[in-house]
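Remarks on the structure that follows.
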Amino acid sequence: MNFLILGTEIPDYSHPVLLKYNPQENAARPLTEDEKIMKAVKMLQSNSYASDLEKLRLYYKEKLQRLQVVYNEYLSKYGVFNMPSGGLGAWIKLNQDQHISPILAPLAEIGIYQPNDNPQLDTKLPIVGIRAGFGSPDIETYEKAFGLLAAQFKTVK
């Protein structure tokens, strides 16, 4: 199965909630394993942890919804968007196999395609789907990427 991976499922560690609970934050030296465990215990016992976790969950839920809106605008006639049951990646199953080699360089230029993150991709063959990681990049970058993909897919009859 040949497919394209765009973006990453790695969370955006600059998000305020993740910064708040980063065990290395403000550390003058690397923390020992015991210190990391103690910080984790304190974090889990904190009164704000549950509400902060919910804020983070809502942030990514909203980001996924915005990703689907962008997908609907550009790619809905070329495939089916599958909402994930967990994780930070959505699948797009294409209606028809598509060749994408002409647009890989432009996708790399906008920072959404990394050849090293796509060891499964044979650029000489058509793809059957796309894995869209929404940990990063931002939705504006996905809008550019989906526009490039839609223009490429239009050329295939």
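Where a number appears in this text, it was derived from the coordinates with a stated rule and is not lab data. All values derive from a computational prediction rather than experimental measurement. Heads up, the Cβs are rebuilt from the backbone with ideal geometry, glycines too, and the neighbour counts pull from every protein chain shown.
Restricting S85, S14 to those that are farther than 25 Å from N116 by Cα and among the small types (G, A, S) reduces the list to S85. Looking at the range 66-83, is at least one residue part of a strand (DSSP E or B) and acidic (D, E)? For the range 66-83, residues part of a strand (DSSP E or B) and acidic (D, E): absent.
Once the range 85-110 is narrowed to residues that are under 21 Å from T8 (Cβ atoms), of a type in the set (G, A, S) and surrounded by 14 or more Cβ atoms within 10 Å (Cβ to Cβ), the residue that is nearest to the chain's Cα centre (by Cα) is G89.
For the range 71-84, indicate whether the set of residues that are under 17 Å from D12 (Cβ atoms) and crowded, with 19+ Cβ neighbours inside 10 Å is non-empty. No, the range 71-84 contains no residue that is under 17 Å from D12 (Cβ atoms) and crowded, with 19+ Cβ neighbours inside 10 Å. Of all residues in the range 139-157, those that are surrounded by fewer than 14 Cβ atoms within 10 Å (Cβ to Cβ) and either more than 22 Å from E62 (Cβ to Cβ) or under 12 Å from the mean Cα position of the chain (by Cα) (or both) total 5. Within the range 44-60, the set of residues being part of a helix (DSSP H, G or I), surrounded by 12 or more Cβ atoms within 10 Å (Cβ to Cβ) and more than 26 Å from the chain's Cα centre (by Cα) is empty.
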